[in-house]
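Student: This is the structure I have questions about; it appears just below.
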Amino acid sequence: MSLEPVAELSDGSWLALSGECTGEQVERFLSTLTGYLQVETLAEAEVLIMQGGLRIADRRTGAVVVPGCCGGLEDWRDWLEILAGGSPWLGHDPSPKVEIDGDRARVWQDSNPVRGPYVDVPLADLPGLLLGVQRDLTAFLELLDTPVARMVDRDFGVTAVLLDGAGAVLGRSVDGGAVGAHER
């Protein structure tokens, strides 16, 4: 099972964001971001938003669920709603959806009607998966120039503490290490 932050690039491809991105990939991310915001430089933007979100894959079954249209990378923390029994909005066309069934969440690629691939996530694994996403995004920030990294962190909530549905901290801070892993 893997959960990773992805950005949809201007050519429609997905870029997984982590500290492993090359300089060229970082440039493509920044170019797509400025194009999406319709600004010449990020300094002109009041708030950063980026087409994308979290991509989940079940390596055992091969099923993959990607964000729908208009899903935003800046909303990645909405996946925390699952821990409180909710279903975050994950985009449309297709319309990914989360259903809670006992001790697992089923993430469907399309809910209009419910069809297509799905990935089952044990709810006990979700905190570790989300902490892994946070580590990936934090490592990606380190590849950006400091002013841009601060803007992305501010608007995407990368380094802020992750809280579960009851307001409890999911794990230690990013700098102090995290509980769990984003791959199982």
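Student: Counting only residues 5 or more places away or on other chains, whose amide H sits under 5 Å from the amide H of G71 once H atoms are built in the peptide plane?
Tutor: When sequence neighbours closer than 5 places are left aside, the close amide H contacts are G52, H92.
Student: Which GluC sites (Glu not before Pro) does the stretch 10-110 hold that lie in a coil by DSSP with at most 14 other beta carbons within 10 Å?
Tutor: E20, E40, E46
Student: Share of the stretch 47-184's accessible area from carbon and sulfur, percent, 1.4 Å?
Tutor: Solvent-exposed carbon and sulfur of the stretch 47-184 make up 52 percent of the total.
Student: 7 Å from Cα along Cα→Cβ at both V169 and A63: what's the point-to-point distance in nm?
Tutor: 3.5 nm
Student: Which of these, A84, A160, A168, has the largest mean-square fluctuation under a Gaussian network model of the chain (Cα springs below 10 Å)?
Tutor: A168
Student: Order D101, D75, D110, most accessible first, counting only protein heavy atoms with a 1.4 angstrom probe.
Tutor: From most accessible down to least: D101, D75, D110.
Student: Can I ask one more? Among S13, S87, S95, which one shows the biggest mean-square fluctuation in a GNM of the chain, springs joining Cα atoms closer than 10 Å?
Tutor: In this elastic network of the chain, the residue with the biggest mean-square fluctuation among S13, S87, S95 is S13.
Student: Sticking with this structure for a sec: Before rounding to the nearest 500, sum -39500 (n - 2.57) across all DSSP H runs of length at least 4 in the chain and divide by the residue total; then give [θ] at 222 nm in deg cm²/dmol.
Tutor: Calculated from helices alone, the mean residue ellipticity at 222 nm is -7500 deg cm²/dmol.
Student: Tell me, what is the Rg over Rh of the chain, with Rh the Kirkwood radius over Cα pairs?
Tutor: A ratio of 0.95.
Student: With a cut-off of 20 Å, note down the residues of the stretch 75-115 whose backbone N falls inside the zone around a label point 7 Å from the Cα of A139 toward its beta carbon.
Tutor: 76-77
Student: Considering the convex hull of the alpha carbon atoms of the stretch 32-105, report its projected area averaged over all viewing directions, in nm², one decimal.
Tutor: The Cα convex hull of the stretch 32-105, projected and averaged over all directions, gives 6.3 nm².
Student: Which residue, P67, P147, P94, has the most motion in a Gaussian network model of the chain that connects Cα atoms within less than 10 Å?
Tutor: The residue with the greatest mean-square fluctuation here is P147.
Student: Same structure again: Lys and Arg at +1, Asp and Glu at -1: add these up for the other residues within a Cβ distance under 10 Å of T32 and post the number.
Tutor: Counting the neighbours of T32, the net charge comes to -2.
The values are calculated or read from the model by the stated rules, or taken from the named source; none is laboratory data. Predicted model, so just to flag it, every value in this text is computed and none were measured. Note: ideal-geometry Cβ built from the backbone for every residue, glycine included; neighbour counts use all protein chains shown. Accessible surface areas use protein heavy atoms only, side chains included; no ligands, DNA or RNA. Shrake-Rupley method; radii C 1.70, N 1.55, O 1.52, S 1.80 Å.
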